[in-house]
1. Run through the DSSP bridge list for region 2-196 and note the antiparallel percent, rounded to the nearest 5.
2. Determine the relative contact order of region 2-196: mean sequence separation of Cα pairs under 8 Å and six or more apart, normalised by residue count, in whole percent.
3. With Cβ to Cβ distances under 14 Å as the rule, what net charge do the other residues near Ile152 carry (K, R +1; D, E -1)?
4. When the helices in the chain are scored as -39500 (n - 2.57) per DSSP H run of 4 or longer and the sum is shared across all residues, what 222 nm value do you end up with, to the nearest 500 deg cm²/dmol?
5. For region 48-133, state which trypsin sites (Lys or Arg not before Pro) are in a DSSP loop and have at most 13 other beta carbons lying within 10 Å of their beta carbon.
6. Rounded, prolate or oblate: which one fits region 30-117, using the alpha carbon gyration tensor with axes a ≥ b ≥ c (rounded when a/c is under 1.5, else prolate when a/b beats b/c, else oblate)?
7. Note down, for region 2-196, the three equivalent ellipsoid semi-axes (square root of 5 times each alpha carbon gyration tensor eigenvalue), biggest first, whole angstrom.
8. Can you classify region 111-168 as rounded, prolate or oblate using the Cα gyration tensor, where a ≥ b ≥ c are the square roots of its eigenvalues, rounded means a/c under 1.5, and otherwise it's prolate if a/b beats b/c and oblate if not?
Amino acid sequence: MRSLQRKIEQEGRVLSEQVLKVDTFLNHQIDPVLMKEIGAEFARLFQNEGITKILTIESSGIAPAVMTGLELNVPVVFARKRKSLTLSADLYEAKVYSFTKQETNPIAVAKSFLTDQDRILILDDFLANGQAVQGLVEIAEQAGSSIAGVGIVIEKSFQDGAAILKEKGLRVESLARVKALQDGKVTFVEETAATST
Ligand code: 5GP
């Protein structure tokens, strides 16, 4: 997606060869116009999949997921990272190793929000080594839901996540694919179909 790529070039900050900071439009401040475009693009990519629900993880997956849910006219469920008192005891749970925090944390979704009738689109802001998405896959599997695919705003293609998910047979659609973070610069994988829009 060209507008996303341009935004990353203009505002992304390369913190290391592994980490990209995009807190001016995605991870802290949010650009609603760009999020709307992102939602429209995910909706276009998955429009024929019979999606009944979008599953993401708090907090940075929520904005693109809500915009996609609005386009597809389906609810958005986000996995909570800590057990909240308001969550019931009836939970689907998984453990996720956090790339940015370097610690393992439980994530949970109330059983009432996912069923074996659901066809799910999993969405997240970044794909690094695939831990967050694999946690969401586990939760969808516990619910007996079918998974239509995975939508990622920014894939870091030099890390393992995309390959691991594709090996599992999952369809992965990334709107921007980063080839490398080097010398303070972001380079992209050119041949991605999604960058043509
Ligand atoms: P994974 O679970 O695929 O290893 O990492 C994905 C998760 O870690 C995402 O939910 C995202 O919040 C965070 N993450 C991974 N890489 C980056 C990065 O380069 N920048 C930011 N801001 N978050 C990242």
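1. Details: 14 of 35 bridges.
In region 2-196, approximately 40 percent of DSSP beta bridges are antiparallel ones.
2. Result for region 2-196 is 19 percent.
3. On the way: positive: Lys156, Lys166, Arg171, Arg177; negative: Glu41, Asp124, Asp125, Glu155, Asp160, Glu173.
It works out to a net charge of -2.
4. Only helices count here, giving -8500 deg cm²/dmol.
5. Passing sites in region 48-133 are Arg82, Lys83, Lys101.
6. Oblate.
7. Numbers: eigenvalues 135, 69, 49 Å².
Its equivalent ellipsoid spans semi-axes of 26, 19, 16 Å.
8. Prolate shape, in that a/c is at least 1.5 and a/b is the bigger ratio.
The values are calculated or read from the model by the stated rules, or taken from the named source; none is laboratory data. If you're wondering where the values come from, they're calculated on a predicted model, not measured in any experiment. Ideal geometry is used to build each Cβ from the backbone, glycine not excepted, and the neighbour counts take in all protein chains shown. Areas reflect the complete protein model, heavy atoms only, side chains present, ligands, DNA and RNA absent. Shrake-Rupley method; radii C 1.70, N 1.55, O 1.52, S 1.80 Å.
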